[in-house]
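First comes the structure, then the notes that go with it.
Please treat every number below as a calculation from the coordinates, not as lab data. Please read these numbers as outputs of a predicted model, since none were measured by experiment. Glycine also receives a Cβ, built like all others from the backbone with ideal geometry; neighbour counts cover every protein chain displayed.
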Ligand code: HEM
């Protein structure tokens, strides 16, 4: 395991292989586009109504409908569907696109807890697929949180 993978493993207990097991199936074909819209609407409802102002502030420059569309198109593309995100916005370049946000540990934990709740309240996704999406998301959340801070050369992350 490389350094970044071991730091993510310390946080999640997931190897990259386990986190990416959704790549062995086609989630988009199994759940369809509408389920992704339901999931991302549920997720951003929680984000934009969060009682913690510090967390809402991370999204203060974002338009909720645009944020939902960005996430839906990205998820569809990443989970076996057409490349809607890249056709509109180019390479996802997730670390680069998160460099200007607060990506500290608390932010990652809160993002993950909202995604957990959003999945729990999305009734169009079967349970085993929810777990695949959740593991992919929490692994990627830590990849971004640690990766962004490493890229910035910030203290507190072992390189
Ligand atoms: C670690 C916690 C995270 C925080 C605090 C965070 C924060 C943000 C913020 C503030 C935006 C701008 C909203 C918008 O206008 O689209 C954003 C966009 C985005 N995020 Fe995250 N994010 C996190 C984790 C993730 C994860 C785990 C993924 C993927 C699995 C992800 C994928 C994206 C994508 C695709 C966009 C759209 C980027 C764009 O088109 O500019 N984010 N994120």
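Return the single residue from 23, 63, 120 with maximal mean-square fluctuation; model: Gaussian network over the chain, springs between Cα atoms under 10 Å.
63
How would you classify region 82-124 from its alpha-carbon gyration tensor, with a ≥ b ≥ c the square roots of the eigenvalues: rounded for a/c under 1.5, else prolate if a/b is greater than b/c, otherwise oblate?
Here region 82-124 falls in the oblate category.
Sort 113, 40 by Cβ crowding within 10 Å, fewest neighbours at the top.
Lowest count first: 113, 40.
Given points 7 Å out from each Cα along the Cα-Cβ axis, report the residue 23 to residue 57 separation in nanometres with one decimal.
According to this spin-label approximation, the distance is 3.7 nm.
With viscosity set to 0.890 mPa s and temperature to 25 °C, compute the Stokes-Einstein D of the chain, Rh being the Kirkwood radius across alpha carbon pairs; µm²/s, no decimals.
The calculation lands on 151 µm²/s.
For residue 16, project a label point 7 Å along Cα to C-beta. Then give me every residue of region 118-139 with its amide nitrogen under 14 Å of that point.
From region 118-139, the list is 139.
Apply the a/c threshold of 1.5 to the C-alpha gyration tensor of region 118-157 and tell me whether it is rounded, prolate or oblate.
prolate
Once you've got the GNM for the chain with C-alpha springs shorter than 10 Å, pick whichever of 95, 125, 133 has the biggest mean-square fluctuation.
The residue with the greatest mean-square fluctuation here is 95.
Springs between alpha-carbon pairs under 10 angstrom, Gaussian network model over the chain: which of 73, 128, 109 fluctuates most?
128
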